[in-house]
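The values are calculated or read from the model by the stated rules, or taken from the named source; none is laboratory data. Computed from a predicted structure; not experimentally measured. When we count neighbours, we look across all protein chains shown, and the Cβ atoms used for this are built from the backbone with ideal geometry, even at glycine.
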Amino acid sequence: MPLSDFQECFSAALLGDGQVPRAPWLVALESQPGFAVYRNTVLKGCLDALQANYPTVCQLVGADWFRAAAAVYAHTQPPPDGRLMDYGAGWCDFLAGFAPAAELPYLPAIAHLDRCWTECHLAADAATVDRAWLARQDPAALAGLRLKPHPAARWSWCDEHPAYTLWLCHREGWDVPESLAWRGDGGLLTRPHAEVTWRPLAHAGVAFMDACAQGHPLEAAATRALDTDPATDFSALIGSLLDAGALISNHRHTD
């Protein structure tokens, strides 16, 4: 038997997937009491990893609800490898189509911010640029300057719900303000040094970061931001992004 076939059958058996035909050797293996213990251990590892990777979602729905939903997810989307710290890339999309989550329409957006934290934490390091670096650049060349998002920078915008504010309050252990305006908002997560940090990000800021990620020069990225919100103070916006360590130079030098 090819190794890939053995691995596929064994994985399906561990996750209790009844759709995969069982070879006699696998039926015999599953009938042993120890296999059930092993199966439960594997599933528990998946649930524990999802709960650790999506703590804000778990706070919102409670551990029992979360783990019941996570069990459904784990059976349909098992870990692609043994590094469970990165497990759950499809959790946001899963929640968007999960009928019991329909009463919490903002839950996928909250999950996306939790996922942003994980990706931010695991991303590569890079030297950031700051206000002083930008001030040293040739003014005549600023329009064509290309800035890139830091490898660890993640940003998110939700049109329908104050997802970032809800995420922030639960992440920090704060009470959700009774006066919270129910409108869209956005957030920026960065890790210029050792720890992940976060801050709110206006829609224009999200548009600017999107443009930088697409390789647009500074003038075009600024235009994208101002088209999104003409009232934007662009100097304040880019200053905030530089202070957050969200940007790097498109070139290797940082003079």
Review point. Looking at segment 120-138, is at least one residue in contact with a Phe, Trp or Tyr (Cβ under 9 Å, 6 or more places away or on another chain) and of a type in the set (A, V, I, L, M, F, W, C)?
Key: yes
Practice item. Kindly indicate whether residue 222 is among the hydrophobic types (A, V, I, L, M, F, W, C), over 27 Å from residue 56 (Cα atoms), surrounded by 19 or more Cβ atoms within 10 Å (Cβ to Cβ) and in contact with a helix residue (DSSP H, G or I) (Cβ under 7 Å, 6 or more places away or on another chain). Key: yes
Study note, to complete from the structure: Checked segment 185-201 for anything within 27 Å of residue 106 (Cβ to Cβ) and surrounded by fewer than 20 Cβ atoms within 10 Å (Cβ to Cβ); matches are 195, 196, 197, 199, 200
Check your understanding: Could you list, in sequence order, the residues of segment 228-246 that are within 24 Å of residue 183 (Cα to Cα), assigned to a helix (DSSP H, G or I) and not β-branched (Val, Ile, Thr)?
Key -> 234, 236, 237, 240, 241
Study note, to complete from the structure: Reported set for segment 135-154 where residues are among the aliphatic types (A, V, I, L, M) and within 29 Å of the chain's Cα centre (by Cα) is 145, 147, 152, 153
**Study point:** Selection count, segment 170-227, where residues are in a loop (DSSP other than H, G, I, E, B) and either of a type in the set (Gly, Ala, Ser) or without any contact (Cβ under 8 Å) to a residue 24 or more places away in the chain (or both)
**Key:** 17
Practice item. Could you check residue 95 against (1) without any contact (Cβ under 8 Å) to a residue 40 or more places away in the chain; (2) closer than 25 Å to residue 158 by Cα; (3) surrounded by fewer than 19 Cβ atoms within 10 Å (Cβ to Cβ) and say which number it fails? Key: (3)
Exercise for review: Enumerate the pairs (first residue in segment 39-60 and at pLDDT 95 or above; second residue anywhere and of a type in the set (S, T, N, Q) and surrounded by fewer than 19 Cβ atoms within 10 Å (Cβ to Cβ)) with beta-carbon separation below 8 Å, excluding pairs fewer than 6 apart on the same chain, so at least 6 apart or on different chains.
Suggested key: 58/51
**Study point:** Answer residue from segment 161-212, given it is among the basic types (Lys, Arg) and farther than 24 Å from residue 146 by Cβ and is farthest from the chain's Cα centre (by Cα) among those
**Key:** 183
